[in-house]
Amino acid sequence: MLKKILKEIKKYETIVIARHIGVDPDAFASQVALRDSLRLSFPNKKVMAVGTGSNKFNYIGKLDKLEMDDKTLLIVLDTPDIRRIDISKDLKEFKSIIKIDHHPFVDKLSDLEYIDTKASSTCEIIMKFLDEVGLTCNEEIAEVLYMGLIADTNRFFNSTTPDTFSIVSKYLRKYKFNMKEIYQKFYLRDLKEVRFEGYISENMVVTEDKVGYIKITDKLLKKFEVDAAAPGNMVNDFNFIDGIVVWLTITEDIKNEIIRVSIRSRGPEINKIAENYAGGGHKYASGARLKTMKEADKLITDLNKAVRDYLDKEEGNGN
């Protein structure tokens, strides 16, 4: 399938690479790395990475302004469902579409889809793609892919397999990573965000059913001088709180007229619940897009029930 994808890429002179709304490091890094590899491999092609960015991930790279003609190829990364693709054009305007993803299947975008749910991240798949089909890679591209992978696996803690370590090992031998610099970029944080995270820790509400949540208003974002993507980018920082099983951030995004939700779980599967709220994702890491805070309250109710059912089942199994 990867060879078929390369064959399709070779047919087009204009290529647009998109990913899901609510950008995260894996989506952003896979997008930027694939773009840069294709530009080096095919200097005469116009290749763009598009979507809404986030100041937090400026260290990964820059996005491009969308330009297209009547024969443009769209490559969608890290996005299982149509409604969550971060692109301003109708998909029908593209001549061909390729999907590369590691989430469980939701929507069919085209006949050319590579989905590997065992892969730790989309960056891992792009690493494999570049390596197997012989697309150009260099130290900068390799480092970007590594950053996306360690972000999505929480520094190899989640979803890693022997294949993950195998491809990373191959890249580490081939390219001279500056590990100190990579992790410095990865961990370096603006003081405003650190203080904002402290506010979240201080004000997180925990329900009787062990669901932790916080509602972030636009007024609060302005007070701490952070953007609407910031709370969702911090959600993994609360992985190890004893006393909560599912946790989420609920953030007003005035600019896009939505309420962003990022959800994580240490047991109950949450992606199917998220799909009921214009979202989706992995079993234990998902997102949603709401219109009102009343929807957020309903989502919290659904998650409370999911945790109760999960804990009752665990107790029934003698765990």
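Values quoted throughout were computed directly from the atomic coordinates according to the rules given, and no laboratory measurement underlies them. For clarity, every value in this text was computed on a predicted model and none was experimentally measured. Cβ coordinates were reconstructed from backbone atoms using ideal geometry, including for glycine residues, and neighbour counts include every protein chain displayed.
Give the peptides 185-194, 282-291 in descending order of average Cβ contacts within 10 Å, highest first.
The most tightly packed comes first, giving 282-291, 185-194.
Explain nothing, just the number: dipole magnitude of the chain about its Cα centre with +1 on each Lys and Arg Cβ and -1 on each Asp and Glu Cβ, in debye rounded to the nearest 20. Could the numbers behind the result be given before it?
Working: 51 positive and 51 negative charges, 150 e Å.
Around 720 debye, computed over the chain.
Working from Cα positions, state the angle (0 to 90°, nearest 10) between the long axis of helix 162-174 and the longest principal axis of the chain.
Around 50 degrees separate the two axes.
Considering amide H positions built from the backbone, and no H for Pro or chain starts, which residues 5 or more places from ALA49, or on another chain, come under 5 Å of its amide H?
When sequence neighbours closer than 5 places are left aside, the close amide H contacts are ILE17, ASP64.
Calculate, for LYS291 and LYS65, the FRET efficiency according to 1/(1 + (r/R0)^6) with r their C-beta to C-beta distance and R0 25 Å; round to the nearest 0.05.
Efficiency computed from Cβ-Cβ geometry: 0.30.
If you take the charge dipole of region 227-314 about its Cα centre, with +1 on Lys and Arg Cβ and -1 on Asp and Glu Cβ, which of LEU290, ALA278, TYR310 is farthest toward its positive end?
Going by the charge dipole, the pick is ALA278.
Using only C-alpha positions, report the orientation-averaged shadow area of the convex hull of the chain, nm², one decimal. Show your work: numbers first, answer last.
Values: hull surface 66.7 nm².
Computed as one quarter of the Cα hull surface, the answer is 16.7 nm².
Roughly what angle does helix 25-41 make with the longest principal axis of the chain, taking Cα atoms, 0 to 90 degrees, to the nearest 10?
0 degrees
Taking just the alpha-carbon atoms of region 2-186, what radius of gyration and Dmax come out, in angstrom?
15.2, 45
By per-residue mean of other Cβ atoms within 10 Å, what is the highest-first order of 11-22, 242-253, 27-38, 266-277? Mind showing how you got there, number by number?
Working: 11-22: 22.4, 242-253: 20.8, 27-38: 26.6, 266-277: 18.6.
Result, highest mean first: 27-38, 11-22, 242-253, 266-277.
Taking the Cα atoms only, what angle lies between the long axis of helix 293-316 and the longest principal axis of the chain, rounded to 10 degrees?
For helix 293-316, the angle is close to 80 degrees.
Using the number of other C-beta atoms within 10 angstrom as an exposure proxy, rank THR207, THR79, THR160 with the fewest first.
Taking fewest neighbouring Cβ atoms as first place, the list is THR207, THR160, THR79.
Can you return the lysines within cross-link range of LYS174? Criterion is Cα-Cα under 29 Å, with same-chain partners fewer than 8 residues away left out.
Partners within reach: LYS3, LYS4, LYS7, LYS10, LYS45, LYS46, LYS56, LYS62, LYS99, LYS118, LYS128, LYS185.
Indicate, rounded to the nearest 5 percent, the antiparallel portion of the DSSP beta bridges found entirely in the chain. Please report the intermediate quantities before stating the final value.
Values: 19 of 42 bridges.
The answer is about 45 percent antiparallel.
For the pair THR161/LYS180, report the inter-label distance in nm, with labels modelled 7 Å from Cα in the Cβ direction.
3.6 nm
Place a +1 charge on the Cβ of each Lys and Arg in region 1-85 and a -1 charge on the Cβ of each Asp and Glu, then give the dipole magnitude about the Cα centre in debye, rounded to the nearest 20.
240 debye
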